[in-house]
Amino acid sequence: MTRTLAELVNRAAGLYRGGPRAVLGITGPPGAGKSTLAERLVTALAAAPPAGHDAGWVAYLPMDGFHLADAELDRLGLRDRKGAPETFDAYGYAALLRRLREDRDEMIYAPGFERVLEQPIAGAIGLPRTARLIVTEGNYLLLGDERWRAVRDLLDEVWYADLEPDERLRRLVERHVRFGKPRDAAVAWATGTDERNAELIAATRDRADLIVRPAPPG
């Protein structure tokens, strides 16, 4: 079922009921449009805050900042698998979500990810206590292994961004090219490492609270 942006915004807004902070997760395979969906939701939600709140009531938290740095991937022998589940700090991501749910700190800083450098950047995203709804997105929010299981327990809902495979692959190749990969290398990475990860993520689809398709461009 295709849902309008307005319907998705209403559902997301309903997760926050005026008390504890709420966290919405968006997952899906590489190139499915997770970040674009999250950004559109946050923009729309910020424009219509609940009573007593301003535009800062909602914040965006990408999981990409929890990529392990290349130096650590080299040490672990995982550089050629960058983007696979074991190349992220899953425990660190869960710990940050736990801090957000505990709701004790006036400001929480999260790492971001610089796509040109392809490296995490510490302290790049500020999440003030006034942000009552957090929209986070990443590939492995529904993965069932020990490293990732805690993540799902810290999310109120998880939506799965779905997209027809050929279009998803086309977008993914173009994204790799846009951020500096030669086209041949972009195709090889998208159909190799990325596709293996996509198959793993697709196996978690049925665990989602909502399937969003078609996902928006991006």
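Contact map, region 73-96: residues that are over 28 Å from Ile108 (Cβ atoms) paired with residues that are of a type in the set (Lys, Arg), Cβ distance under 9 Å, separation 6+ or inter-chain. Pairs shown: Arg81/Arg196. Can we say Asp194 is touching a Leu at 6+ places or on another chain (Cβ under 7 Å), of a type outside the set (S, T, N, Q) and either closer than 23 Å to Arg115 by Cα or part of a helix (DSSP H, G or I) (or both)? Here the answer is yes, as Asp194 does meet what is asked.
Taking first residues from region 1-22 that are free of Cβ contacts under 8 Å to residues at least 60 places away in the same chain and partners that are in a helix (DSSP H, G or I) and surrounded by 18 or more Cβ atoms within 10 Å (Cβ to Cβ), the Cβ contacts under 7 Å between residues at least 6 apart in sequence or on separate chains come to Val9/Leu41; Val9/Leu45. A search for C-beta distances below 6 Å between a residue of region 33-57 that is closer than 16 Å to Leu127 by Cα and any residue that is assigned to a loop (DSSP other than H, G, I, E, B) and among the aromatic types (Phe, Trp, Tyr), counting only pairs 6+ apart in sequence or on different chains, returns nothing. Scanning region 12-29 for residues that are buried (at least 16 other Cβ atoms within 10 Å of the Cβ) and either part of a loop (DSSP other than H, G, I, E, B) or charged (D, E, K, R) (or both) yields Leu15, Tyr16, Arg21, Gly28, Pro29. Checked against the criterion of being in a helix (DSSP H, G or I), surrounded by 19 or more Cβ atoms within 10 Å (Cβ to Cβ) and either in contact with a Gly (Cβ under 8 Å, 6 or more places away or on another chain) or of a type outside the set (D, E, K, R) (or both), the candidates Val158, Val151 yield just one match: Val151. Take Leu154 and tell me if it is of a type outside the set (Ser, Thr, Tyr), at pLDDT 95 or above and either farther than 18 Å from Gly28 by Cα or touching a Leu at 6+ places or on another chain (Cβ under 9 Å) (or both). Criteria met by Leu154.
The values are calculated or read from the model by the stated rules, or taken from the named source; none is laboratory data. Keep in mind that what you see is a predicted model, and the values were worked out from it rather than measured. Every residue, glycine among them, receives a Cβ derived from its backbone with ideal geometry; neighbour counts consider all protein chains shown.
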